[in-house]
Amino acid sequence: MAVSIIAANLQAVAGLNTNILPSVEPPDNAYVPVRGQFDATVIIKKLAGLEDGAPFKLGIMAQDLCSPILSFVYGESQLGGKAALVSLHRLFDDDPELYYQRAAKISLHEVGHLLGLGHCWENFCIMHFSSNIAALDSLSISFCPACEYEINRRLSSIVADGGLVR
Ligand SMILES: [Zn+2]
Ligand SMILES: [Zn+2]
């Protein structure tokens, strides 16, 4: 359910064609027993290495993610790279509508990084950094005009390379 809603938002907001692939297990070495979490970077590396012809991959996980320097992450991305990862673990599913909206926001944010965008200073922009749920909820589910311009510019250069059909 979350996966298809995320895919629909990537299409509607960023204009990306998506392809939902069968689920795969995270690599064994991604689990960090002392923290009870998964290391996002290890999983992203694995995802990026899967040869399936897709120019970008976004992994969606139910389990909690961490990074070596952060106690948890909602998502992580290779800046300008091939793969990103999102965790649904901390999105509070008591309100389904809000839950799916949060999942879509984090996914769009991480895909923005995949396309090479950094964090944005505009408070409402989806590329604004959020460290907690209240901050995430205050973002609109769209890119500000400057980020939108960058997204389109980068996507059209990928189309020109024949890597992605928009
Ligand atoms: Zn970010
Ligand atoms: Zn922006």
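The values are calculated or read from the model by the stated rules, or taken from the named source; none is laboratory data. Quantities reported herein were computed from a predicted structural model and do not represent experimental measurements. Cβ sites come from the backbone with ideal geometry, for glycine too, and all protein chains shown count toward neighbours.
Out of H89, H109, H113, report the one residue that is in a helix (DSSP H, G or I) and under 20 Å from V42 (Cβ atoms).
None of the others qualify; the one that does is H113.
Give the residues of segment 25-47 that are touching a residue at least 24 places away in the same chain (Cβ under 8 Å) and over 29 Å from N152 (Cα atoms), sorted by residue number.
If the condition is that a residue be touching a residue at least 24 places away in the same chain (Cβ under 8 Å) and over 29 Å from N152 (Cα atoms), then P26, V32, R35, G36, Q37, F38, D39 are the ones that fit.
Which members of segment 69-105 meet the condition of being closer than 18 Å to E148 by Cβ, hydrophobic (A, V, I, L, M, F, W, C) and either within 16 Å of ligand 2 (Cβ to nearest atom) or in contact with a Ser or Thr (Cβ under 8 Å, 6 or more places away or on another chain) (or both)?
none
How many residues are free of Cβ contacts under 8 Å to residues at least 40 places away in the same chain and farther than 20 Å from K82 by Cβ if we restrict to segment 127-146?
Total meeting the criteria: 13.
Condition test on S142, is it within 15 Å of ligand 1 (Cβ to nearest atom), surrounded by 13 or more Cβ atoms within 10 Å (Cβ to Cβ), modelled with pLDDT of 95 or more and within 16 Å of the chain's Cα centre (by Cα)?
It is false that S142 is within 15 Å of ligand 1 (Cβ to nearest atom), surrounded by 13 or more Cβ atoms within 10 Å (Cβ to Cβ), modelled with pLDDT of 95 or more and within 16 Å of the chain's Cα centre (by Cα).
For segment 59-85, what are the residues that are assigned to a strand (DSSP E or B) and out of contact with any helix residue (DSSP H, G or I) (no Cβ under 6 Å at 6 or more places or on another chain)?
Within segment 59-85, M61, C66, L70, S71, F72 qualify.
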